[in-house]
Amino acid sequence: MRHVVVWTVGLAALVLALGGSDAQAQPRAAQRVVVDSFGGPQGGTTRAALVRSLEENGVVVIPSDEVEAARGELDLGSRMTSEQYVELARALRASAFIDGRVSRQRRRWSVTVSVRSATDGEVVGRESWGGRTAASLGGVRRTGYRRLADHLGATSAPAAAQVAVSEGETPWYARGQDDEAPPADEEPPAPAPAASSQRYDSVRFALRLGSLYRWMDTTVQVYAAQRGATTSDPARELLEEDRAYRGPGAGHFELGGSAELYPGAFGDQPFPYLGVLVAFTHSIAPGAVAPHRMNMGEQVSVPTNQLDFLVALRGRYRFGAERREPEIHVDAGWGTFNFDLGRTELQEIDPRYIVPPMQHGYVQLGAGISYGIVPTYLTASLDFAYRIGTNIGADTRNVWGTDTAPSNGLLVGIELKSEIPEIAQGVYVALLFQYFQLTTAFRGQVGCAQPGGCSGSVEPGPWADERLWEVWPVAVPPAGEPIDINDVVGGPLGDVNDNYVRFQLSAGYAFQ
């Protein structure tokens, strides 16, 4: 009897062991997961390494085009709520969502990967890899699945939605990929505009239309005899007069454009921080008027021609993943600004209205910040720049001082931009307000206004010389000594500030 009991117990143990072994031998259905785009530099490369690690260990990574198609059908943006994660997972039969972000701080690279369960849309775990070089991110390829396995084991696909099914009919969510979804009772709504992505813009270009208003005020000292005054000593009797320029009406209309190119922001965006900026404007239908030299009742139309051109290197950095987050930039480049006036017409107007054409070359150092006050629809930018003069035009020096040095200046600008995704992703309009000033210290005597030159002296003195633009008063020499025409004591009293205000409306496109 005892032998029978022993054999019975042994046989039962063997059956249980074999049953347990068979249960363990049953393979678990392969998990279907969504691996979203990774943000930051080297994000695309790091994501690809993780996908390969998962697939080599039996995890099914749902193709990106299938995920995007499901997002579009469900009308989901790039930022989703927990309920929307569940909705998307049910459509894709996914059990988990994986996302990550690569960051670089000083001399360290790191990537943080999060696993989100599809049953409730909540994060169940995170893992990080890092090191001193970008190559350290390759650890994701070697150990990605092993370190994420426990987190993935804690996830599962959500239960299928409860829908009414006719007897004998297979529900749509249980059908194969080749089966059709159930017919809709009504047309689906039009897809909503895609939400702002986490990508940096790689190319921006815009067409600009606006106006530039100029004003300039200064005081100059001239010979009283040049203004028709009867004097006992014309060499010493001087007077001060105000010189000013005011732009017509709303200013001088101008047309221009701008473009930014960031080579490292294409594709996986390995280095989206450094690019090139080019901007220019040119006047259209310009002109100004001033009284005639001989007939004050007659107005002389003085043509104007304005050109503003800048090319610069631009560095940028965004504090956060989303495009609306604060973004700073710094610029370093070279530019030229010309506000020309017709030379022939300048000689015909009353000398009291003569101001020089301004021609400047400069190096610009600038910085700015932008922030999306309302995501997509309102981004505000603030810019500052300092301009270090490198050269000043011959016409500028000829009219008011041949020894004049290059001008320095400053600039401040405010821009309000609104994207229009309803038209196309990347299209935007913007309003720009800009103020800039150029400060010039005019020095020396004026140049000759005649093409043939101005050699020889004029009697009785320089105040009678009409060959120059408008001779500035000079020091009276001791008795018996000749007058030094370059020993200037008159002209502009102090530095001259030339001010400009620009309003521009622009329409552009930003490629992400």
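Quick notes
- Residue-averaged [θ]222 nm for the chain, counting only DSSP H segments that reach four residues, each worth -39500 (n - 2.57): -5500 deg cm²/dmol
- 16 Å cut-off, amide nitrogen to a point 7 angstrom out along residue 253 Cα→Cβ, residues in the range 282-319: 282-288, 304-306
- Kirkwood Rh, angstrom, the range 206-340 [1 / mean 1/r, Cα pairs]: 19.6 Å
- Of all accessible heavy-atom area on the chain, the percent that carbon and sulfur account for (1.4 Å): 57 percent
- Listed peptides 416-423, 49-56, 37-44 appear in the order 37-44, 49-56, 416-423 once ranked by packing, highest mean of other Cβ atoms within 10 Å at the front.
- Most tightly packed first, judged by the mean number of other beta-carbon atoms within 10 Å of their residues, the peptides 208-215, 93-100, 241-248 read 93-100, 208-215, 241-248.
- Scoring 143-156, 472-485 by mean Cβ neighbours within 10 Å over their residues and listing the highest first yields 143-156, 472-485.
- Subtracting the Cα-Cα distance of residue 233 and residue 82 from 0.36 nm times their residue separation leaves 45.1 nm of extension gain.
- Each of residue 311 and residue 57 was given a label point 7 Å from its Cα along the Cα-to-Cβ line. The distance between the two points is 5.2 nm.
- Summarising the overall dimensions of the range 368-512 from its C-alpha atoms, the Rg and Dmax are 24.7, 83 angstrom.
- Annotation: extensible slack from residue 65 through residue 410 equals 119.2 nm (criterion: 0.36 nm per residue apart, minus Cα-Cα distance).
- Extension gain from residue 435 to residue 112, taking 0.36 nm per residue of separation minus the Cα-Cα distance: 111.9 nm
- For the range 397-512, size of Cβ-based charge dipole, Lys and Arg +1, Asp and Glu -1, in debye: 380 debye
- Take the Cα of residue 199, go 7 Å toward its beta carbon, and the backbone nitrogen atoms of the range 411-438 under 14 Å from that spot belong to 425-427.
- Cα centroids of the range 419-444 and the range 330-370: 17 Å apart.
- Cα-centred dipole magnitude for the range 323-467, charges only on beta-carbon of K, R (+1) and D, E (-1), debye, nearest 20: 260 debye
- Here the range 241-297 is assigned +1 on the Cβ of each Lys and Arg and -1 on the Cβ of each Asp and Glu. Its dipole about the Cα centre then comes out at about 340 debye.
- Annotation: per residue accessible area for the range 251-387 equals 44 Å², rounded to a whole number [probe 1.4 Å, protein chains only].
- Between residue 136 and residue 37, the modelled labels are 2.7 nm apart [label points 7 Å from Cα along Cα→Cβ].
- Charged neighbours of residue 49, selected by a Cβ distance under 14 Å, balance to +2 (K, R count +1; D, E count -1).
- Distribution of pairwise C-alpha distances over the range 247-327, 10 Å bins, in %: 15, 26, 21, 17, 12, 7, 3
- Rg then Dmax, both in Å and based on the Cα atoms of the range 40-102: 12.6, 32.
- Cα lying deepest toward the dipole's positive end in the chain, options 249, 153, 448, charges on Cβ: 153
- A simple spin-label model places pseudo-atoms 7 Å from Cα toward Cβ; at residue 479 and residue 146 they are separated by 10.7 nm.
The values are calculated or read from the model by the stated rules, or taken from the named source; none is laboratory data. Bear in mind the structure is a predicted one, so any value in this text is a computation, not a measurement. Note: ideal-geometry Cβ built from the backbone for every residue, glycine included; neighbour counts use all protein chains shown. Please note that ligands, DNA and RNA were not included when accessible areas were found on the heavy atoms of the full protein model with its side chains. Shrake-Rupley method; radii C 1.70, N 1.55, O 1.52, S 1.80 Å.
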